[in-house]
Amino acid sequence: MARRIDVGTEIKAIRRDRGLTQTDVSDALEVPQASISRLESGATRPRWAVVARVLALLEVTPEEWERFRP
């Protein structure tokens, strides 16, 4: 069985590792900063399309994407 990950926590760690703020991500994706905050905190369950846009922006490799797939 595949290991279940906390998508928001993982995205937050990658974003920080890339030296970006939530505002940087929200500006690049043209979404409210609060949307990124809710995604990272787990307050909302993001759709795959949203997660895919964030991962693409963060330049996550295709191999790394596999752990995020539903």
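Once both labels are positioned 7 Å from their Cα atoms along Cα-to-Cβ, the gap between S41 and R18 label points is 2.2 nm.
Here the chain is treated as a sphere whose radius is the Kirkwood value from Cα pairs; by Stokes-Einstein at 10 °C and 1.306 mPa s it diffuses with a coefficient of 131 µm²/s.
Roughly to the nearest percent, how much of the accessible area of the chain is carbon and sulfur, given a 1.4 Å probe? Whole-percent figure for carbon plus sulfur exposure: 50.
Extending 7 Å from Cα along the Cβ direction at Q33 and again at T9 yields two label points whose distance is 2.5 nm.
Between T61 and A49, residue separation times 0.36 nm minus the direct Cα-Cα distance comes to 2.7 nm. Averaged per residue, the chain has 70 square angstrom of accessible surface, using a 1.4 angstrom probe with ligands and nucleic acids left out.
The values are calculated or read from the model by the stated rules, or taken from the named source; none is laboratory data. For clarity, every value in this text was computed on a predicted model and none was experimentally measured. A quick note on method: Cβ atoms are made from the backbone with ideal geometry, for glycine too, and the neighbour counts reach across all protein chains shown. Just so you know, the surface numbers come from the protein's heavy atoms only, side chains and all, with ligands and any DNA or RNA stripped out. Shrake-Rupley method; radii C 1.70, N 1.55, O 1.52, S 1.80 Å.
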